[in-house]
Each structure stands twice: as structure tokens, then as C-alpha cells.
Amino acid sequence: MIYGNGRRDFLKGGAVTLGAPALLSAMQATKAIKIGLVGCGGRGSGAAAQALKADDFSNLTAMADVFQERIDESVERLKRIHKDKVKVEKANMYVGLDAYKKLIDSDIDVVLLATPPGFRPDQLRYAIEKGKHVFCEKPMAVDGPGLRHVMETVKMAREKRLNLVAGFCWRYSNYIVETFDRINKGDIGNLVNYYATYYTNPVKPMPPADTRPAGMSDVEWQIRNWYNFTWLCGDSLVEQAIHSVDKVAWAFKDAPPASCVAVGGRAIPAQGGNIFDHFSVNYVWANGLRATVANRQIEGCHNENADYIMGTKGQAIIGKGPNPRIVGDNPWTFSGQKYDMYQREHDLLFQAIRKGEVMNDGDRMCSSTLMGIMGRMAAYTGQQITWEQALNSQERLGPATVDWNGKFEPTPLAQPGKTRFA
């Protein structure tokens with residue numbers, strides 16, 4: 001994968017700004033908003049369903065995937081939910097690694113990007129270059145060059161006044177928003193430490209090597225099993241537990257950590273793939289405060305997805321029990337009505353388009369993604385990795401050009417102390 005040049009500093013700017021008058025006139029109250037979906041798996045289909053629900057006059061008009069059967073299955077599911085709003089003609093079903101370009105070049109207004117994250121930087125750049133609003137699933141990249149490419153794209157989206165909403169869904173959860181509002185206003189006192197867990201089963205276990213069909217290329221086999229290859233998923237810390245990383249970043253008001261150290265490895269052997277099945281990353285900030293993110297994807301183990309946020313006057317706890325709570329000097333338990341955070345992302349995106357406003361999650365989506373990447377780097381190498389090292393890393397995990405029929409040998413499973421930082 002080839003990316004453009006990056007920038008050293010993260011971009012500054014507000015999340016919502018007024019767009020140009022032309023943007024509002026182009027999206028009058030009853031004008032159909034045409035949606036294109038890139039990546040028609042479960043999460044992509046879910047995003048499309050939410051986008052169609054978010055606006056009375058939105059229509060799904062184009063879909064892209066590397067597999068025709070995924071498109072067909074997604075259309076069938078979506079028509080059961082939004083029968084009259086799924087208007088995807090056969091000519092607007094695009095298949096292949098370059099299908100996203102054909103979709104973006106078609107007559108659509110909003111692109112939903114839900115492919116494996118290794119493809120995210122190039123797809124996001126093309127969408128913004130072509131003037132489309134974007135909902136972009138997390139994470140935004142899997143390596144330093146890709147992340148810097150996304151940072152440049154964020155700047156471009158801001159200059160073009162295009163909406164860019166990230167799939168860091170907890171930022172759109174009303175009960176988690178209220179929890180962090182209370183933390184940031186001092187209900188637990190000064191922040192002392194943050195411990196986040198994401199212990200779960202494997203998402204997509206690697207199939208045995210002997211199940212690979214004869215003649216199937218390396219690239220196709222790896223894409224079909226994308227969660228098991230770092231160049232496609234970024235590993236579990238970057239792909240799944242990035243939600244926990246993002247909440248840690250939120251508690252630290254999105255100030256980047258100075259450095260981190262980590263442990264991780266592969267406890268349960270797999271026939272192929274190069275991802276770890278467990279991580280524990282300890283981040284430290286310039287002021288000496290620390291946070292730990294621990295995740296595991298192993299069957300038969302204790303499962304937990306929780307956050308323990310410790311302060312001088314109490315502790316906020318998320319994920320242990322049905323509602324977040326604070327114990328200590330200012331006890332509190334969320335007691336309101338919860339709304340669907342996945343739906344909320346799309347509701348706000350489409351409202352912004354209708355109103356001629358611009359949402360841009362770019363800065364924090366890049367910062368949280370890089371926190372995950374630097375944690376993986378620290379675990380893979382066994383070294384302390386600084387923010388600047390991670391941001392300026394030259395390591396490119398994927399092939400320069402992705403050829404569906406091509407050969408590609410991913411980097412071997414990392415060995416801390418032997419694997420070198422690049």
C-alpha cells in the first residue's frame with residue numbers, strides 16, 4: 001500500500017463548524033441523500049442500516065466489496081429492514097480491490113467505509129478527494145505511514161468542509177458521555193490511573209492451513225482471513241481493543257502519551273497468521289500519570305470489557321454492571337435512558353449534512369489510532385516506544401501494491417527482543 005507524505009503535528013480545530021452556503025443548498029430538506037457502502041460484511045451492513053434510518057430521505061444506491069456474495073447477502077438483509085430505501089441496481093454493485101473507486105466515482109453523497117482497516121487510508125483519501133462525506137469505521141490505519149496519510153486526509157476534509165465521522169462509537173454514547181463529563185469536571189478528583197480491560201474470545205479464528213483451496217493466492221487467502229494478519233487488521237489491540245484505548249485517550253483529554261511499554265504474545269498456536277492473542281500496554285504521560293490497556297482473545301478464559309478510572313476523590317467504573325457509576329466522595333450511577341450509540345453516530349452525521357454544518361472527528365480518531373499502534377509496536381519489539389517514534393515510524397506492514405492474485409509473505413510473528421522497531 002502506497003501512502004502520501006505525513007505531518008509531524010496533529011491538526012487543530014473544532015469538531016463542528018458551519019459549512020459553505022452551497023453545502024446547505026445542495027442538501028435541501030427533502031433531497032435524497034445517496035449512500036454508498038464499501039465493505040458489505042456485518043459491520044458495514046449495520047452501518048448502512050443505521051444510515052438509512054438516520055434520514056427520512058436517504059437511499060442506498062451503490063455497494064462495493066471484493067466478494068459478490070457479500071453484496072448479495074447485505075442487500076437481502078438491508079431490504080428486510082429498509083425495503084423501499086435500498087435502491088442498488090446491478091450496475092452499481094462493484095466487485096474487486098478497486099471497487100471502492102468505482103463506487104466513489106458514482107453519483108453518491110456519503111460513503112460508509114467498513115473494509116479491513118489496512119485499506120482505510122487509501123479509501124478515505126479517495127473519498128475526500130472526490131468530495132464525499134464519510135463515515136469511517138475504526139481504526140483509521142494499521143501503521144505509521146498509513147496514519148500520517150490519514151492525517152493529511154483529515155486536513156483535506158476540513159479544508160473542503162466535508163463531514164468525517166469516525167466509528168469510535170463510545171464517544172456517541174450518552175451514558176458514557178455523561179460519565180466522562182463528570183470525570184473531566186472533577187467528580188473523582190484529579191485523575192490518578194486508568195485500567196481498561198478487553199478480554200474476549202477470538203473474533204475470527206484462523207482456519208487450518210490445509211483448508212486453503214488449491215490455487216488460491218496469498219492475498220485472497222489473507223483477505224478472507226483478514227483478522228489474523230497484522231497488515232490488514234493491525235492486530236487485536238488496534239482493531240478491537242482500540243475502543244478501550246480511545247476511552248483512555250478521552251479521559252486524558254486526548255493529550256498523547258509520552259511513551260509506553262508493553263507485553264504480549266501468542267499463547268495458543270495458530271496455523272498461519274501473525275497476530276498476538278494477548279497484550280498489556282502501560283502508557284505514561286509527560287506528567288507521570290499512567291494508564292494500562294489489557295486485552296486477550298483466547299477461548300475458555302475470563303471475559304471482561306471494563307474501565308476502572310481512579311482519582312483522588314473516587315473511582316469511575318464502566319462495564320461492571322449495567323450502568324456506569326462513581327464511588328467515592330461524589331457517588332453517582334447513571335439512571336437515564338440509554339440510546340443506541342451506533343445509531344447516534346449516523347443521526348448526527350446526517351443532521352449535519354442537512355443543516356450545512358460540518359463534523360470532523362479527525363484529530364482524535366488519528367490520536368487514538370496511533371495510541372493503539374504504538375502499543376502494538378512496544379509489545380512486538382519489547383522496547384519502550386515514544387509517541388514521536390510511533391508517529392514517524394517507517395514500517396509499512398502491507399504490500400506496496402495489493403494484487404488479488406499476487407504473492408505476499410507477511411512479517412513473521414513478532415518476537416519481543418528480536419523484532420526490531422522500524
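The values are calculated or read from the model by the stated rules, or taken from the named source; none is laboratory data. On a predicted model such as this, the values are computed, not experimentally measured, just so you know. Cβ coordinates were reconstructed from backbone atoms using ideal geometry, including for glycine residues, and neighbour counts include every protein chain displayed.
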> Take the residues of region 387-422 that are among the polar types (S, T, N, Q) and closer than 17 Å to LEU147 by Cα: which is surrounded by the fewest Cβ atoms within 10 Å (Cβ to Cβ)?
Replying inline: GLN394
> Given the conditions (1) within 24 Å of the chain's Cα centre (by Cα); (2) outside any strand (DSSP E or B), which single one is not true for ALA306?
Replying inline: (2)
>> Just checking: which of the strands (runs of 3 or more DSSP E) contained wholly in region 158-277 hold 2 or more residues that are in the same structural domain as GLY131 (by TED's automatic domain parsing) and surrounded by 17 or more Cβ atoms within 10 Å (Cβ to Cβ)?
In response: 164-166
> Would you pick out the residues in region 72-100 that are crowded, with 22+ Cβ neighbours inside 10 Å, free of Cβ contacts under 8 Å to residues at least 60 places away in the same chain and closer than 27 Å to GLU220 by Cα?
Replying inline: SER74, LEU78, TYR94
>> From the list ARG125, ARG148, ARG161, exactly one residue is over 16 Å from the mean Cα position of the chain (by Cα) and either at pLDDT 95 or above or within 28 Å of SER393 (Cα to Cα) (or both). Which is it?
In response: ARG161
>> Criterion first (surrounded by 15 or more Cβ atoms within 10 Å (Cβ to Cβ) and modelled with pLDDT of 95 or more) does GLY39 satisfy it?
In response: yes
>> Looking only at residues that are surrounded by fewer than 19 Cβ atoms within 10 Å (Cβ to Cβ) and not acidic (Asp, Glu) in region 47-58, which one is nearest to GLY406 (Cα to Cα)?
In response: LYS53
> How many residues are more than 18 Å from the chain's Cα centre (by Cα) and assigned to a loop (DSSP other than H, G, I, E, B) when one looks only at region 333-357?
Replying inline: 7
> What number of residues within region 322-340 satisfy the criterion of being free of Cβ contacts under 8 Å to residues at least 12 places away in the same chain and surrounded by 16 or more Cβ atoms within 10 Å (Cβ to Cβ)?
Replying inline: 1
> Would it be correct to say that ALA400 is at pLDDT below 95, aliphatic (A, V, I, L, M) and part of a loop (DSSP other than H, G, I, E, B)?
Replying inline: yes
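Would region 88-106 turn up any residue that is within 28 Å of LYS31 (Cα to Cα) and assigned to a strand (DSSP E or B)? Before you say what the answer is, go through the steps one by one.
To start, the set of residues in region 88-106 that are within 28 Å of LYS31 (Cα to Cα) comprises 88-94, 99-106.
So of that shortlist, the ones also assigned to a strand (DSSP E or B) come out as 93-94.
Yes, some residue in region 88-106 is within 28 Å of LYS31 (Cα to Cα) and assigned to a strand (DSSP E or B).
Tell me yes or no: at least one residue of region 365-373 is within 30 Å of PHE57 (Cα to Cα) and either not in a strand (DSSP E or B) or not hydrophobic (A, V, I, L, M, F, W, C) (or both). Please lay out each step first, then the result.
Filtering region 365-373 down to residues within 30 Å of PHE57 (Cα to Cα) leaves 365.
After this cut, where a residue has to be either not in a strand (DSSP E or B) or not hydrophobic (A, V, I, L, M, F, W, C) (or both) as well, the list is 365.
Yes, that holds for at least one residue.
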